Amino acid sequence: MRSGKIIPAALISAMLLSGCGGSGGGILEKAPDISVPFGSAVKIQAGELEFEGSVKRYAAGIWQMDITAPDTISGLCIRYDDGSGISAKLDDIAFEVPSESVRDNAVFALIFKAIDCAAASGELPCTDTEDGKVYSGEFSGGTYTLTFDPRTAALTHIEIPYGEISGEFTDFSVIKDEELPQEETSAASG
């Protein structure tokens with residue numbers, strides 16, 4: 001391995017392997033639907049770690065995140081499958097981590113599992129706040145809060161206190177069936 005890749009490889013490993021019920025209110029007129037395949041730009045803060053890029057949820061437990069910043073890990077592509085594990089690729093460095101080796105408090109796992117948990121809940125009872133419509137829930141990683149745009153019902157924010165995780169979602173859009181990668185089409189319909 002070239003010496004210039006040691007630090008990014010260490011950061012990738014740290015991000016993948018380390019960690020960092022609904023409340024009252026009204027149901028949105030247009031209920032948030034995060035159970036469908038979707039994509040979004042993201043900016044995540046996990047403790048002192050900050051990164052941004054894009055995220056795609058193809059189906060429950062099947063995700064992809066592409067990192068664009070910071071420069072040290074720009075170009076990193078992470079594919080997460082709750083059943084088989086994580087694969088990561090940055091330039092000519094690639095590795096896979098089986099699902100049984102992914103720590104429960106891994107930053108990506110916490111984010112993906114919180115959203116999947118909310119998606120599985122069906123209709124999300126939300127509370128009106130200054131920031132939008134807020135849904136709070138619990139999962140194996142503790143509590144989480146999702147915020148939705150009050151007009152479009154698009155996911156805009158996530159908070160997971162256990163991992164000191166805070167994330168902003170922008171440019172939220174539903175992924176159409178014909179835009180899904182072939183291997184994800186069967187997972188999304190099954």
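The values are calculated or read from the model by the stated rules, or taken from the named source; none is laboratory data. Quick caveat: nothing in here was measured; it's all calculated off a predicted structure. Counting neighbours? That spans all protein chains shown, and the Cβs are built from the backbone with ideal geometry, glycine included.
Miscellaneous remarks
- Residues in the stretch 61-86 that are assigned to a loop (DSSP other than H, G, I, E, B) and hydroxyl-bearing (Ser, Thr, Tyr): Ser74, Ser84.
- In the stretch 37-58 there is no residue that is crowded, with 16+ Cβ neighbours inside 10 Å, at pLDDT below 95, aliphatic (A, V, I, L, M) and farther than 19 Å from Gly163 by Cβ.
Here's the yes/no breakdown for (1) of a type outside the set (Asp, Glu); (2) touching a Leu at 6+ places or on another chain (Cβ under 8 Å):
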{"site": "Asp81", "(1), (2)": "no, no"}
{"site": "Asp92", "(1), (2)": "no, no"}
{"site": "Ser99", "(1), (2)": "yes, no"}
{"site": "Arg103", "(1), (2)": "yes, yes"}
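- Filtering the stretch 59-72 to residues that are in contact with a strand residue (DSSP E or B) (Cβ under 6 Å, 6 or more places away or on another chain) and surrounded by fewer than 20 Cβ atoms within 10 Å (Cβ to Cβ) leaves Gln64, Asp66, Thr68, Ala69.
- Pairs, first at negative phi in the stretch 114-127, second in a helix (DSSP H, G or I), C-beta under 9 Å, six or more apart: Leu124/Ala118
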